[in-house]
Amino acid sequence: MSIKLLPPRLANQIAAGEVVERPASVVKELVENSLDAGATRIELDVERGGHKRIRLRDNGSGIVKDELELALSRHATSKIATLDDLEQILSLGFRGEALASISAVSRLTLTSKPATQEQAWQASCEGRDMAVTLQPAAHPDGTTIDVADIFYNTPARRKFLRTEKTEYQHIEDVIKRIALSRPDVTFILRHNDKVTKRYAATGTDQLAVRVGQVCGKAFIEQAIHTRCDYESIQLEAWLGNAEQLRSSNDCQYSFVNGRGMRDKLILHALRQAYESVLAVAEQPAFVVYLTINPKEVDVNVHPAKHEVRFQQSRLVHDFICKTVCDALSSWADPEGQDDNG
Ligand code: ADP
Ligand code: MG
């Protein structure tokens, strides 16, 4: 066979295999884009677990008409320009693949109006060359992305979609995770036209309020709150107690520099701390925020960005473990328990 360049849609569908696993991954990418665009209010409408439609509306910076086409192409990003940027990355997205990938496996329309532009414009792309068409639209400042019929053109992927209920559950989990990382942003989630989650941003005590909104009143009232600094690392955590062992292990969240993670090192440090205090292998609910100099952490390890690499991994591990241990030890010590009640 002779060597040929893949047609754009096919190339993007292949890339989509990595980024777009299920409707919830679309939600994650779209919401992260809105946050990167400075949105303070994000509304998400999901139909039939995302099988039918995912529509996100934000009040972020918007995309100017001349860049709509670029936003839909692969390796196009406004977020990094050099390798040096990559090393100090603070924004959530940076690969410039999400919109291109999603639009290759769904019917996507992108409607946007930056505050500086009179008219809103809508972009969509068609065919194997993914040619972009633009038309004027009515839209307030911000962006709406409508993703319909996910995987309609990739039957092999479509087969892996679970029930609407399961896919919706994954979407809800994504929203909870992101909402915990951004207490300053209002999130509204609707499923089949009913509001299912509403996390309003508040003025004061934002983080504690948001943890309560997402994990529930019972959790926030019983959890031990701790905060600790060491050199350039900071940890803030709400740690569930032993009574919440069985009921709430679905509420386990960790964040590195505001990004939701299922990082092995962090989970290991937490498990070790909990085991040493509770003498059980199970972990109760927790919400843990780690802040560290971006130069000391590499986020470009995992395509879905669930894991990071710490330069001083031992130090980070032991810092987390010790801080959590110290906080939890008030259970072992009845006097301390009163202080944290
Ligand atoms: P990445 O986020 O990795 O840059 P994406 O494919 O997700 O790549 O998005 C491509 C570009 O489109 C972004 O860099 C950004 O400039 C623009 N964009 C995407 N979504 C939004 C949004 N909701 N508001 C403003 N700009 C957006
Ligand atoms: Mg992105």
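Note down the nm distance, to one decimal, between modelled labels 7 Å out along Cα→Cβ at SER78 and at ARG314.
Here the answer is 4.4 nm between the modelled labels.
For SER232 and ASP173, what does the FRET efficiency come to when R0 = 35 Å and r is the distance between their Cβ atoms, rounded to the nearest 0.05?
Numbers: r = 31 Å, r/R0 = 0.87.
FRET efficiency, SER232 to ASP173: 0.70.
Between GLU296 and ARG48, 0.36 nm times their residue separation minus their Cα-Cα distance comes to what?
Details: separation 248, 0.36 × 248 = 89.28 nm, distance 4.16 nm.
That pair, GLU296 and ARG48, stretches by 85.1 nm at full extension.
Cross-link candidates for LYS264: which lysines have Cα within less than 25 Å, leaving aside residues fewer than 8 places away along the same chain?
Leaving aside lysines fewer than 8 places away in the same chain, those within reach of LYS264 are LYS28, LYS176, LYS295, LYS305, LYS322.
Got the relative contact order for the chain handy, in percent, Cα pairs under 8 Å and 6 or more residues apart?
With pairs under 8 Å counted, the relative contact order is 15 percent.
Pull out the extension gain between ASP66 and ALA218, defined as 0.36 nm times the separation in residues minus the alpha carbon to alpha carbon distance; nm, one decimal.
Going from the current span to full extension adds 49.8 nm.
Determine, for LYS4, LYS113, the number of other Cβ atoms within 10 Å of each Cβ, and report the residues in order from fewest to most.
By the 10 Å Cβ count, ascending, the order reads LYS4, LYS113.
Quick one: SER232, SER78, SER330, SER112, fewest Cβ neighbours within 10 Å first, how do they rank?
Starting with the residue having the fewest Cβ neighbours, the order is SER232, SER78, SER330, SER112.
Checking the cross-link filter: which aspartates and glutamates have an alpha carbon closer than 12 Å to that of LYS65, excluding same-chain neighbours under 8 positions apart?
By straight Cα distance, LYS65 reaches GLU118.
State the antiparallel share, in %, of DSSP beta bridges confined to the chain, rounding to the nearest 5.
Roughly 85 percent of the DSSP beta bridges within the chain come out antiparallel.
Counting each DSSP H run of 4 or more residues in the chain as -39500 (n - 2.57), what helix-only mean residue ellipticity at 222 nm follows after dividing by all residues, to the nearest 500 deg cm²/dmol?
Rounded to the nearest 500, the figure is -11000 deg cm²/dmol.
When SER61, SER101 are ordered from fewest to most other Cβ atoms inside 10 Å of their Cβ, what list results? Before the final figure, lay out each step's value.
Details: SER61 19, SER101 24.
So the ranking, lowest neighbour count to highest, is SER61, SER101.
Since every read-out is calculated from the coordinates, none of them should be taken as a lab result. Since we're looking at a predicted model, the values are computed, not measured. Glycine gets a Cβ as well: all are built from the backbone with ideal geometry, and neighbour counts include every protein chain shown.
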